Amino acid sequence: MYQLDITLRRGQSLAARDRGGTSDPYVKFKIGGKEIFRSKIIYKNLNPVWEEKACILVDHLREPLYVKVFDYDFGLQDDFMGSAFLDLTQLELNSILYYRPMDVTLTLKDPHYPDHDLGVILLSVVLTPKEGEHKDVTMLMRKSWKRSSKEFSENEVVGSYFSVKSFFWRTCSRPAFPVLGFCRAELQSAYFQNAQFQTQSLRLSDVHRKSHLWRGIVSITLIEGRDLKAMDSNGLSDPYVKFRLGHQKYKSKIMPKTLNPQWREQFDFHLYEERGGIIDITAWDKDAGKRDDFIGRCQVDLSALSREQTHKLELQLEEGEGHLVLLVTLTASATVSISDLSVNSLEDQKEREEILKRYSPLRIFHNLKDVGFLQVKVIRAEGLMAADVTGKSDPFCVVELNNDRLLTHTVYKNLNPDWNKVFTFNIKDIHSVLEVTVYDEDRDRSADFLGKVAIPLLSIQNGEQKAYVLKNKQLTGPTKGVIYLEIDVIFNAVKASLRTLIPKEQKYIEEENRLSKQLLLRNFIRTKRCVMVLVNAAYYVNSCFDWDSPPRSLAAFVVVEDMLEDEEEEDDKDDKDSEKKGFINKIYAIQEVCISVQNILDEVASFGERIKNTFNWTVPFLSWLAIVALCMFTVILYFIPLRYIVLVWGINKFTKKLRCPYAIDNNELLDFLSRVPSDIQVVQYQELKPDPSHSPCKRKKNNLG
């Protein structure tokens, strides 16, 4: 066992990959095909200075250390700038108590163009023996699952074994992620003092094999843009904004034809770094059929902001024109953790009582955003699909709740893996859906999908171990294998009801909708059903005019006479764009129109289905909430005249912008309906019956709900 301490110093004369003759370089370290380090990005510099430190534990020195340099391109594929490798067998071996750093200069090369001069990378390396046995450690990392993402990321993978049992942590000003590992504690040496390189022992036994994964939450509200640069021929733009913190990303909605957009969008990022981090913000102009235009960029240094306080920021866009107005709040970490099966919160009587007390009915108005507590035990899977040519798979499990994503370790060459991990989450919305996905790990490639289940929190039966049949990506049909889970949910019903009337939490970046003939036809049929309900209602009204039933027609006549009002119709005419478009642009425009029609049909059909499912008691909690709300409104109307209620409602609406200038607009009724599943979601959330041979031994506990 050896410990390799590396300091990434700087780069010299790197290759230019951007149009301006510069690059935005960053560096990756790999051992055995696994990424173990990623540096920060140095913008617009061919001679970057990093001065970042890494510590790696390796079993043997046969595996070389590969160093790869890339040019960062926001939203695009990063450009390769060269690579080199460091032969660990050629390094001088130091003693444990004496360090003598070795300066190393690596010449970057491109295998496809070996004659090109791509510059050099300067490192400082110290190799020392590590005594004692080193056990496998569950890594706390996070993966990027989309095929468009760049291999591994520093904040998006939480968990896999390294085949060389290597482990890494960063102790520079911007640490990559919190991790668990084995390291030397309280080693006082001149080298550590000069480099200010301090490490802390975080053995699994020291923290009872339980870890909290992020240190806080960054809540961002994108308010507006001011005087943005006009990018279109009509003197306007279609702006949207992209945010990036590490490898967490968020994309705002597009505001058409404006230079002063009003977004009023709110979202949260996980804060992994104790001192904060840098949020990269870029503004873009949406163009159909061609590459979007760059409007400008800016950054937010979270280390300069105080915690537990909302900061209003007016940021000047660099490389462009205009400003962005944001509200940024840093709060303490939520209760999100991962641990072994032998250590979980609800089996500890003292901790369980604290959780029950936290969500008791007496604490209704304490932290309204903290609705409940979720504990997920990922026990094992059976009969998984064979994804490798050897007839085996390397499965690991991803557990997601909204934007919180945690991973198990990888079990290699096994179709019946045992994970035995416990995950805990804070519940912000009781109507959220827990998604558990099983992937097959592939070296240097995107992970292969093996199966997925989606479980609404309100449908969970506490303390029951169940076998869930894995479904396909669309959650419309079964795939091979089952997964055994045991889930517990504790929540405050009053808080959950209040949170139902505010907007749902949005995903960081959701996949863009693509044109699909099958999906378009399905949405058309769904919309047709809703329209037929209205047509039948129209026939019913028409029968009133035909006096098929005199009592009904007479009652309708009286009601219509009282409610009839004259209305003026206004015809809005859209200005036609006289600009000539090429053939390709026309095809893209037609495709965009078809996608818009597809999405509109989906929204209309979903709206009608949600109303139907509210009355069908598809989600009893929401149906009861609607009944309670109607009963309360009836009682209020009995004691308070309607005109006073309308007066108070009008005053509240008209003064809302004065009282809260940056409040996010919302409609309580639409927010309520957004929690009701559509018919498509009902099918996706429906639990499939497992094969009798896979039926688990159910263990019932005390119901915690």
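Summary of values
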| quantity | calculated |
| --- | --- |
| Tally, over the range 266-283, of residues that are in contact with a Pro (Cβ under 9 Å, 6 or more places away or on another chain) and modelled with pLDDT of 85 or more | 1 |
| Among the candidates Lys44, Lys40, Lys53, residue that is under 24 Å from Arg244 (Cβ atoms), of a type in the set (D, E, K, R) and assigned to a strand (DSSP E or B) | Lys53 |
| Boolean, Arg307 is outside any strand (DSSP E or B), within 25 Å of Glu505 (Cβ to Cβ) and within 23 Å of the chain's Cα centre (by Cα) | yes |
| Verdict on Phe269 being open to solvent by 20 Å² or more (accessible area, probe 1.4 Å), of a type in the set (A, V, I, L, M, F, W, C) and part of a strand (DSSP E or B) | no |
| Some residue of the range 560-573 being β-branched (Val, Ile, Thr) and either within 18 Å of Gln681 (Cβ to Cβ) or modelled with pLDDT under 65 (or both) | yes |
| Residues satisfying the stated conditions in the range 403-431, i.e. open to solvent by less than 10 Å² (accessible area, probe 1.4 Å), in a loop (DSSP other than H, G, I, E, B) and touching a residue at least 40 places away in the same chain (Cβ under 8 Å) | Thr408, Thr410, Ile430 |
| Hits in the range 239-258 - residues which are without any contact (Cβ under 8 Å) to a residue 60 or more places away in the chain, assigned to a strand (DSSP E or B) and within 19 Å of the chain's Cα centre (by Cα) | Tyr240, Phe243 |
| Which numbered condition Val120 misses (of (1) farther than 21 Å from Gly246 by Cβ; (2) open to solvent by 20 Å² or more (accessible area, probe 1.4 Å); (3) modelled with pLDDT under 90) | (3) |
| Neighbours by Cβ (under 8 Å, 6+ apart or cross-chain): first from the range 103-116, under 11 Å from Gly82 (Cα atoms); second open to solvent by 70 Å² or more (accessible area, probe 1.4 Å) and part of a loop (DSSP other than H, G, I, E, B) | Lys109/His116; Asp110/His116 |
| Lone qualifier among Asp388, Asp348 - being open to solvent by 20 Å² or more (accessible area, probe 1.4 Å), among the acidic types (Asp, Glu) and farther than 24 Å from Glu464 by Cβ | Asp388 |
| Selected residue (criterion: nearest to Glu321 (Cα to Cα)) from residues of the range 287-300 that are basic (Lys, Arg) and open to solvent by 60 Å² or more (accessible area, probe 1.4 Å) | Arg291 |
| Of all residues in the range 44-88 being β-branched (Val, Ile, Thr) and buried (at least 19 other Cβ atoms within 10 Å of the Cβ), the one that is farthest from Leu123 (Cα to Cα) | Val58 |
| Filter result (open to solvent by less than 40 Å² (accessible area, probe 1.4 Å) and under 17 Å from Gln316 (Cβ atoms)) within the range 215-236 | Leu222, Ile223, Glu224, Gly225, Leu228 |
| Residue list for the range 600-628, restricted to those being in a helix (DSSP H, G or I) and open to solvent by 90 Å² or more (accessible area, probe 1.4 Å) | Ile600, Glu603, Phe607, Phe615, Trp624 |
| Residue list for the range 23-48, restricted to those being at pLDDT below 90 and of a type in the set (Val, Ile, Thr) | Ile31, Ile36, Ile41, Ile42 |
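The values are calculated or read from the model by the stated rules, or taken from the named source; none is laboratory data. Please read all numbers here as calculations on a predicted model, not as lab measurements. Here Cβ is always computed from backbone atoms with ideal geometry, including for glycine, and neighbour counts include all displayed protein chains. Heads up: the accessible areas ignore ligands, DNA and RNA and are worked out on the full protein's heavy atoms, side chains in. Shrake-Rupley method; radii C 1.70, N 1.55, O 1.52, S 1.80 Å.
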